[in-house]
Amino acid sequence: MTREDFWHHIDSIDKEALREGDEDSAIAPLEEQLTSLPVAELEAFEEHLAQCLYALDGQVFADESGESGDSDDGFLYARCFVVAQGKERYEATLASPQLMPKTLDGWCEALLYPQRNAWARLTGKDASEWEFDSSVSYESGSNEELWPR
């Protein structure tokens with residue numbers, strides 16, 4: 001899966017439902033699309049997602065995230081919201097951190113799971129058994145280069 005393929009899949013997210021705060025409905029078309037992919041492509045999707053979230057993991061982005069920047073989980077979900085909005089918004093936010101969502105309404109935790117759920121549907125296993133580890137962690141505070149020491 002190329003980075004462009006990744007963004008093509010992200011484009012399947014229902015942006016209206018996302019803006020309305022209905023994460024599950026917003027992500028449902030993405031999950032459905034991912035179920036047609038082989039396991040290696042699901043892992044590649046996870047890798048691209050982790051890379052995107054990692055690139056937004058820094059103090060300047062947290063400082064611009066309003067109340068979401070006050071907790072590790074909130075900041076992660078705000079970064080997910082940025083990615084879920086698509087490539088254009090993601091790249092704009094990388095260039096201008098002040099575009100980070102400022103309220104708890106700008107969250108999309110659900111973006112962390114469609115590839116795992118698709119994997120579970122393909123393999124017949126429970127999504128909690130997903131064992132793929134991306135090359136970077138998307139957990140808040142992982143990108144040491146973007147956090148002051």
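Here are a few things to note about the model shown:
- Counting every other Cβ atom within 10 Å of each residue's Cβ, Val39, Val82 order from fewest to most as Val39, Val82.
- Added length on full extension, which subtracts the Cα-Cα distance from 0.36 nm per residue, Glu88 to Asp73: 3.0 nm
- Helix-derived mean residue ellipticity, 222 nm - over the chain, DSSP H n ≥ 4, -39500 (n - 2.57), to 500: -15500 deg cm²/dmol
- Total charge dipole magnitude, segment 45-107, about the Cα centre, Cβ charges on Lys, Arg, Asp, Glu only, Debye to nearest 20: 240
- Net charge of neighbours whose Cβ lies under 14 Å from the Cβ of Asp5, counting Lys and Arg as +1 and Asp and Glu as -1: -4
- For segment 21-149, size of Cβ-based charge dipole, Lys and Arg +1, Asp and Glu -1, in debye: 280
Read the figures in this text as sums done on the coordinates, not as results from a lab. Treat the numbers as computed from the prediction; the structure is a model and nothing was measured. Virtual Cβ from ideal backbone geometry, glycine too; neighbours counted across all protein chains shown.
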